[in-house]
1. At a 10 angstrom cut-off on C-beta neighbours, averaged per residue, how do the peptides 144-150, 62-68 rank from highest to lowest?
2. Output the antiparallel fraction of DSSP beta bridges having both residues in the chain, as a percent to the nearest 5.
3. If you project the alpha carbons of the stretch 193-322 onto their three principal axes, what span does each projection cover, largest first, in Å?
4. Over the stretch 132-203, what lengths in whole Å, largest first, do the semi-axes of the equivalent ellipsoid take, defined as the square roots of 5 times the eigenvalues of the alpha-carbon gyration tensor?
5. Suppose we look only past 25 Å in the calculated P(r) of the stretch 5-186. What percent of the Cα-Cα pairs does that tail hold?
6. Suppose only helical runs count, i.e. DSSP H with n ≥ 4. What mean residue ellipticity at 222 nm does that imply for the chain under -39500 (n - 2.57) per run, divided by all residues and rounded to the nearest 500 deg cm²/dmol?
7. Any idea what angle helix 279-293 forms with the longest principal axis of the chain, computed on alpha-carbon atoms, 0 to 90 degrees, nearest 10?
8. Decide, for the stretch 105-171, between rounded, prolate and oblate: order the square roots of the alpha carbon gyration tensor eigenvalues as a ≥ b ≥ c, take rounded if a/c falls under 1.5, and otherwise choose prolate if a/b is larger than b/c, else oblate.
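Here, each number is a calculation from the coordinates, and none is a lab measurement. Bear in mind the structure is a predicted one, so any value in this text is a computation, not a measurement. Glycine gets a Cβ as well: all are built from the backbone with ideal geometry, and neighbour counts include every protein chain shown.
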């Protein structure tokens, strides 16, 4: 029998992933703060639950993909969180500052697995794994890369931290979501691998946007430029997938700017703990903060070109004019 799935968070990424599991024949219960965002899943056969606890009470495996580490903490440790459903004897001092009880009897936690796919703090991932182990179940940190396209097509890269046994048990489920699924090590290793990914993207997005601005101001045919450089040494996922969106004036989010700023903050915080200087990450974060100040926080990361265009007094990036 297929395990019953719980899904918490139905945004750009979460909604697409949960939809794929429904299509694969899994029984899926969903919770998200704004119920209207879950309506397409409910129409497709998902069951609504009123809280993360309610999701956990009817599920064998609970996935979360939410916005920020504080949201992950609430989903797991909160009064109506996953831990409150799956633990009958968790000491409040172990469960974190949001711990509490809704008064309902907890369910048997044996064999349960909590999977957080949010890009979050490695330290929080370890804290969650430790609390889950004390309560008798497993927790994996499994952030993803591949954007909205990867989520819809089931081609995500999934970077997993946690026990090998839990990872192997979930391999059939992960196979519906990603084509590059790898266990990176113990708790927190998935998050640190995703941080590595975001560090790579940060510098690359600056390069993509600066290159397009240069080619635009130089009067080149931007489509022809992309056709020449995308398959060469300068090629990257961002260049192939996000640069065409820029040329179309499409700044819809595959990944929100405000969430990327959060990710880069996590990278800088962890780098400080590791006594590393990452000036490129710091620069990228400042440029994205400028974009947020310009009102672009809910745009996709490709909208960075707007902030860079402002620095050079390019009033409007009109790709059509360069064609």
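1. 62-68, 144-150
2. Roughly 15 percent of the DSSP beta bridges within the chain come out antiparallel.
3. 47, 33, 24
4. Equivalent ellipsoid semi-axes, largest first: 22, 16, 8 Å.
5. For the stretch 5-186, the share of Cα pairs beyond 25 Å comes to 25 percent.
6. It comes out at -14000 deg cm²/dmol, rounded to the nearest 500.
7. With both axes taken from Cα atoms, the answer is about 90 degrees.
8. The shape class here is prolate.
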